[in-house]
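One structure below.
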Amino acid sequence: MKYNFDEVVDRSHTDSVKLDRLKQLYGEDGLIPLWVADTDFRSPPPIIEALQKRVEHGIFGYTIPPENYINSIIRWLQKRHGWEVQKEQVNFVPGVVKGIAFAIDVFTEKGDNIVIQPPVYHPFRLVPEALNRNVINNPLILEDGRYRMDFDSLRNIVSQHACKMFILCNPHNPGGRVWNSHELRELAEICYDNGMVVISDEIHADMTLSGFRHTPFATVSQKAEEISLTLMAPSKSFNIAGIVSSFAVIPDKKIREKYLGYLEPRELSQGTIFAYTATAAAYEEGEEWLDQMNDYVQGNVDFVQNYLKENIPQIKAILPEASFLVWLDCRALCLSQPELVSLFVKKAQLALNDGTIFGEGGEGFMRLNVGTSRRVLEKALNNLKNAVNG
């Protein structure tokens, strides 16, 4: 079946964050919203049909996880990522960010040190700080348009500070890197040798782009498996973030028992009817749609790269290896960050993410969501060209 990702779907009057928060966050309502990390594509028909069928039954009482829920995850991880997991290693969590917060509560104490790699998804910093932990930065290095981990800096950090946790973004947001097994194995060695738990956010794992393949952190070595807690979800891949369908994969029994010992008494490991239904439908019947979506996103990434080269050479795209998020290097415009944000918002009428929210290394950058129709993307880039050159 050929799916139509060129369709422009009207998301107004659906309580969409990316639309209804524009006035509050950007001061204007009429902006083209290319900020929140969900897409403008209708979810796959098998998910919609499965939800409709469940709704038609008309009774939504207390529900246990259906057998095909966990089995669909296990089969998906094996087929898509070559990761063999056992049923007891997979557990529902009510959101990836929440799952990170729970892990911080479980495996660290107030005042403990947690390492992150900025520029990185901002809850990695905000959540630990809100929970009174110390965040220590191990900044990524940008070389030739591609980020790499600074292992020398990390070794220096852990030699000087007692660090309890490392929060990994795999694939990386906003830099778009798909970390390879060699990088992940070296990271595992450092964290294992220094007694650190690694929380690996792998929510973008299913959206690797042309020529790249995701490697789950837990699979790269025995040491990685013994210190890892991986958080995943079909939410980004199949555009069902509002359903809340995340899960944790924890191979190590001690880590798993400790984590579930926190979740289960609080009933945080119990999903909803629609989370179970949507997840199983996505993983059992959504792969063809996902492959076509990834191809369409690759086309959008290529379109952005070529458009910038031809029309706005002062802005360069850090080409993502996964996902629908493009990190824009705007430093050649020689603007302060407030001036840069004003250029996008006031002049171009675009709502993107301010690079500074991603922490150290984010100044001079903006994050662009290309998970939308080509027509919308072209209009946005035309606006930006006129703003820069006008």
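The values are calculated or read from the model by the stated rules, or taken from the named source; none is laboratory data. Only a predicted model underlies this, so the values are computations on that prediction, with no experimental measurement involved. Positions of Cβ are generated from backbone atoms using ideal geometry, with glycine treated the same way; all protein chains shown enter the neighbour counts.
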Breaking point among (1) within 24 Å of the chain's Cα centre (by Cα); (2) in contact (Cβ under 8 Å) with a residue 24 or more places away in the chain, for residue 305: (2)
Test: residue in the stretch 262-276 that is free of Cβ contacts under 8 Å to residues at least 40 places away in the same chain, closer than 27 Å to residue 102 by Cβ and either touching a strand residue (DSSP E or B) at 6+ places or on another chain (Cβ under 8 Å) or among the aliphatic types (A, V, I, L, M) (or both): no
Members of the stretch 100-125 that are in contact with a helix residue (DSSP H, G or I) (Cβ under 9 Å, 6 or more places away or on another chain) and either of a type in the set (Lys, Arg) or part of a helix (DSSP H, G or I) (or both): 100, 101, 102, 103, 104, 105, 106, 107, 123, 124, 125
Condition broken by residue 254, with the remaining ones in (1) in contact (Cβ under 8 Å) with a residue 12 or more places away in the chain; (2) within 16 Å of residue 199 (Cα to Cα); (3) surrounded by fewer than 24 Cβ atoms within 10 Å (Cβ to Cβ) satisfied: (1)
Subset of the stretch 68-111 [crowded, with 16+ Cβ neighbours inside 10 Å and among the basic types (Lys, Arg)]: 80, 98
Hey, residue 81 touching a Ser or Thr at 6+ places or on another chain (Cβ under 8 Å) and either at pLDDT 95 or above or more than 30 Å from residue 181 (Cα to Cα) (or both) or not: yes
